[in-house]
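The values are calculated or read from the model by the stated rules, or taken from the named source; none is laboratory data. The structure presented is a predicted model; accordingly, all values stated were derived computationally and were not measured. Here the Cβ positions follow ideal geometry from the backbone for every residue, glycine too, while neighbour counts run over all protein chains shown. SASA here: full protein model, heavy atoms, side chains in, ligands and nucleic acids out. Shrake-Rupley method; radii C 1.70, N 1.55, O 1.52, S 1.80 Å.
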Amino acid sequence: MSFSGVEWWGDELSVTVSMGGDAAAQDDTAESLVARAQLALNKSLAAGGDRVIVASDDENHSLKV
């Protein structure tokens, strides 16, 4: 497991990031775009978190951070 640390009031806190995203299509609504980004975030978390997943039409691209 990798993490970054942040010092806060003398304590070292570990910080991880999980993100999901998607590119907007011409016929998207805000709701449809957010729904696809949420699905990508759910996949990021299901894969163990601490990663970025960007969805596309044919596949998901994952980057372990």
Seminar exercise, completed: In the stretch 1-58 the accessible area split gives carbon plus sulfur, as whole percent at 1.4 Å, a share of 59
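Hey, can you find the accessible area per residue of the stretch 1-53 for me, probe 1.4 Å, expressed in square angstrom?
Values: 3960 Å² over 53 residues.
Here the residues of the stretch 1-53 average 75 Å² of exposed surface.
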Exercise. Packing-wise, with mean Cβ within 10 Å as the measure, how do 14-25, 40-51 rank, highest first?
Worked result: 40-51, 14-25
Exercise. For the pair Trp8 and Asn42, what calculated FRET efficiency results from E = 1/(1 + (r/R0)^6), where r is the Cβ-Cβ distance and R0 = 25 Å, to the nearest 0.05?
Worked result: 0.30
